[in-house]
2 protein chains.
Amino acid sequence: MLLKNRLFTPGPTPLLPSAQTAMAAFTMHHRTAEFRALFSRVIADMKEFIGTNNDVLILAASGTGVMEGAVTNLTSPGDKVLVLTAGKFGERWRDLAKTFGCAVELISAPYGQTFSLDEIRAKLTPDVRVVYVQATETSTGARHDVQGIAKLVRGAGSDTLLVVDAITGLGTTHLDVDGWGIDVIIGGSQKALMIPPGLAYCAVSERAWQRMETTKTPRYYFDFRRERKAAAKGESAYTPATSLFAALGAALDFIRQMGAGDLVDGRKALIDNAELAAEMTRAGVQALGLKLFAPTAPASAVTAVLAPEGIDSSAIVKGFREKFSAVVANGQGEMKGQLFRIAHLGYYDYLDTVGLLAALEQVLSAMGRSVEFGTAVRAAQQVYARNATSR
Amino acid sequence: MLLKNRLFTPGPTPLLPSAQTAMAAFTMHHRTAEFRALFSRVIADMKEFIGTNNDVLILAASGTGVMEGAVTNLTSPGDKVLVLTAGKFGERWRDLAKTFGCAVELISAPYGQTFSLDEIRAKLTPDVRVVYVQATETSTGARHDVQGIAKLVRGAGSDTLLVVDAITGLGTTHLDVDGWGIDVIIGGSQKALMIPPGLAYCAVSERAWQRMETTKTPRYYFDFRRERKAAAKGESAYTPATSLFAALGAALDFIRQMGAGDLVDGRKALIDNAELAAEMTRAGVQALGLKLFAPTAPASAVTAVLAPEGIDSSAIVKGFREKFSAVVANGQGEMKGQLFRIAHLGYYDYLDTVGLLAALEQVLSAMGRSVEFGTAVRAAQQVYARNATSR
């Protein structure tokens with residue numbers, strides 16, 4: 001059969017067609033009234049997408065760049081920070097904090113699992129300046145209890161800041177940024193926003209702005225205060241990735257349409273969509289006898305599935321690629337070969353979701369595993385039907 | 001008449017149509033064999049475009065990001081560096097070096113002018129670890145004598161490094177990177193490469209790699225060594241701006257076509273094109289009695305023109321915008337209102353060049369200045385005819 005390029009990776013994700021054409025057609029200079037209008041509209045829309053009244057910054061970088069900014073802007077060398085890590089991206093927080101001279105207190109959970117709130121409570125002493133965590137750990141498909149963690153951080157009555165890498169969490173997970181008191185939340189363009197990589201963004205609380213008045217770690221390209229100052233004039237401090245801004249504007253329009261004209265409702269619809277796709281996928285793979293890697297707290301951003309006993313997940317990934325031109329993600333780092341990951345971020349519909357499960361049946365069958373065709377699909381359909389009825 | 005959006009700004013510049021469509025159509029994941037092939041081909045082509053055998057890195061950022069990397073990777077706090085500044089981007093080198101704790105020795109020339117080699121020779125003591133300069137100062141339209149400066153730096157026999165911001169210099173100016181001994185040369189996607197902003201790149205010498213083994217300033221997102229290691233596997237350390245990579249591939253194909261299948265010849269043709277457009281423009285504006293802002297060493301990247309006595313250049317910029325939907329750049333910083341700038345970077349042809357001059361005549365005439373229509377155009381045509389004959 002004809003092959004279409006199919007991305008089921010947790011970023012980049014399938015592109016929104018209207019964003020692709022907006023990007024291609026865009027020829028505006030960034031120091032013009034027209035661009036300033038687009039810039040300001042996108043920033044305002046992004047506040048609704050994120051669900052915050054805090055300042056939103058959008059930078060030309062991948063997500064790691066803004067993660068770096070959340071370390072260099074909020075700390076001084078020697079500051080004690082608490083890093084929660086349960087996967088590759090948690091380790092990135094650890095590496096960043098160490099690189100820029102923080103005294104790092106670590107809470108580690110095994111890959112695929114999440115943290116004990118009691119352990120966090122015990123280590124959350126008043127001298128902790130910042131807590132760094134993921135909303136969803138992309139490398140394992142686990143969801144962390146951001147609300148519970150935020151309650152501990154805020155409850156302490158201290159001025160400890162909470163920074164959440166929600167690069168795959170935003171648009172897939174309900175996060176009450178202002179209500180829970182998340183001081184910096186970070187996202188990326190190539191995730192639930194359905195556009196190519198190249199933009200990273202964050203929302204910054206008043207508490208975090210105050211912290212920046214005293215922190216000493218040098219920063220320049222990722223200097224949040226300089227970006228805030230420029231944004232007040234409808235500009236970025238340095239040349240913005242203009243074509244991706246145009247794409248982002250189109251994506252936000254699409255999300256607003258998902259909410260029948262209301263962007264906040266659109267965000268909720270996008271999250272519901274990811275949650276339903278994830279639930280269908282979990283039901284499907286389990287109906288085939290496969291095991292989830294993060295069964296206790298699965299994220300709706302991405303589902304990590306353990307390869308069956310005796311099968312290298314790389315062969316499954318390869319099977320998808322060769323048979324269906326479909327890209328699913330392998331495990332990362334130490335998990336490579338052990339699991340494969342299917343994303344639900346952004347632009348996926350019912351046909352994509354059941355189609356991918358049918359493809360999985362085909363791939364496993366071709367590898368000699370006994371599969372009754374339709375098993376995973378049927379389980380997913382039942383989830384869908386139940387969900388449609390309950391609405 | 002119908003209005004087309006016309007960019008005559010020194011970045012973003014007019015987009016190459018084949019790059020726009022490549023960008024819109026691109027849906028490849030970045031951790032695949034297909035993308036690694038594209039990545040490696042683009043890196044190899046970029047070496048020919050830059051004209052170097054040194055390693056080339058391409059990052060998701062605007063040019064300032066890689067400028068920051070050229071400071072954080074090559075210096076330790078307290079290192080003495082020599083910054084040559086004659087405009088806004090020279091001042092950026094100064095600010096970056098100070099931000100990251102260098103002991104900055106400064107040589108300043110007035111806006112619109114360039115440096116005395118004697119002064120550089122005098123200040124180039126053996127303890128200077130790095131010299132930072134622009135190839136062309138975008139804010140003033142002045143060209144700096146990179147060859148002469150390189151000769152001084154290399155002639156010293158010391159291990160002083162030379163870093164050149166050629167963000168508007170590459171593709172508009174002949175620069176013999178390896179022959180002259182430029183240790184780090186920096187460019188950006190939205191300049192002569194004819195694609196949108198969002199990628200910055202650099203070529204790094206063996207001397208510079210060696211320096212990085214001992215420098216201590218923290219870096220993470222802009223860690224050049226980490227990028228080099230990833231590039232050896234056909235990857236970037238963090239998620240690359242994939243759609244812009246696709247655009248860049250198309251742009252390099254176009255430049256190769258300009259050289260009848262040879263990318264090095266294509267680069268030369270692109271530079272010749274900018275030089276001819278710049279010479280036509282200089283002749284045109286001078287025929288109207290206007291004065292160049294950088295007459296002694298004008299860059300071919302951008303021509304800065306002083307507004308006539310009694311006229312604010314902002315009114316000229318506005319006239320272009322309103323009458324012809326054409327964006328020319330105002331002066332930056334202290335030069336705002338005093339000059340306007342016309343770019344020649346990348347995708348400009350004969351019709352663009354004479355058209356812009358005819359538009360300038362119309363704009364000045366509408367402002368009440370006595371203009372004999374066709375004066376600037378004729379002067380440009382004569383330059384073109386002379387150039388065509390001499391080939």
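What follows draws every value from the coordinates through simple rules; no lab data is involved. Keep in mind that what you see is a predicted model, and the values were worked out from it rather than measured. With ideal geometry, Cβ positions are generated from the backbone for all residues, glycine too; neighbour counts draw on all protein chains shown.
Some notes on this structure:
- Among the helices of chain A, none built from whole DSSP H runs has Cα atoms reaching 15 Å or more along its own axis together with a mean Kyte-Doolittle hydropathy of at least 1.6.
- Of the trypsin sites (Lys or Arg not before Pro) in segment A:261-310, those whose Cβ has at most 10 other Cβ within 10 Å and which sit in DSSP loop: none
- Rounded to the nearest 20 debye, the dipole magnitude of segment B:17-258 is 380 debye, with +1 charges on Lys and Arg beta carbons, -1 on Asp and Glu beta carbons, and the Cα centre as origin.
- C-alpha center-to-center spacing [segment B:179-219, segment B:269-301] in angstrom: 28
- Whole-Å distance, taken between Cα centres, linking segment A:61-118 and segment B:52-117: 30
- Bridges between two residues of the protein assembly as shown, per DSSP, are antiparallel at a rate of about 55%.
- When only alpha carbons are used to place a centre, segment A:304-327 and segment A:346-361 end up 15 Å from one another.
- Whole-number D in µm²/s for segment B:17-258 (Stokes-Einstein; Kirkwood sum over Cα pairs; 20 °C, 1.002 mPa s): 119
- Those chymotrypsin sites (Phe, Trp or Tyr not before Pro) in segment A:181-225 that DSSP places in a loop and that have at most 16 other beta carbons within 10 Å: none
- Unsatisfied cross-links (Cα-Cα over 25 Å) in the set A:Lys191/B:Lys4; A:Lys216/B:Lys233; B:Lys47/B:Lys191; B:Lys47/B:Lys336; A:Lys4/A:Lys318: A:Lys191/B:Lys4; A:Lys216/B:Lys233; B:Lys47/B:Lys336
- Of all stretches in chain B that contain no GluC sites (Glu not before Pro) in a DSSP loop with at most 10 other Cβ atoms within 10 Å, the longest one is B:1-212.
- Taking amide H as placed 1.01 Å from N in the peptide plane, the amide H of A:Val130 sits under 5 Å from that of A:Leu82, A:Leu161, each at least 5 places away or on another chain.
- Cβ-placed point charges (K, R +1; D, E -1), dipole of segment A:114-233 about Cα centre in debye, nearest 20: 440
- Shown for B:Ser139, B:Ser158: other C-beta atoms within 10 Å of each C-beta, ranked fewest to most, produce the order B:Ser158, B:Ser139.
- Residue of chain B with the Cβ closest to the rotation axis carrying B onto A, and that distance rounded to whole Å: B:Ala24, 2.
- Averaged over the residues of peptide B:53-65, the number of Cβ atoms from other protein chains lying within 10 Å of each residue's Cβ is 4.
- Other residues lying with their Cβ under 14 Å from the Cβ of A:Thr138 contribute a combined charge of +3, Lys and Arg counting +1, Asp and Glu -1.
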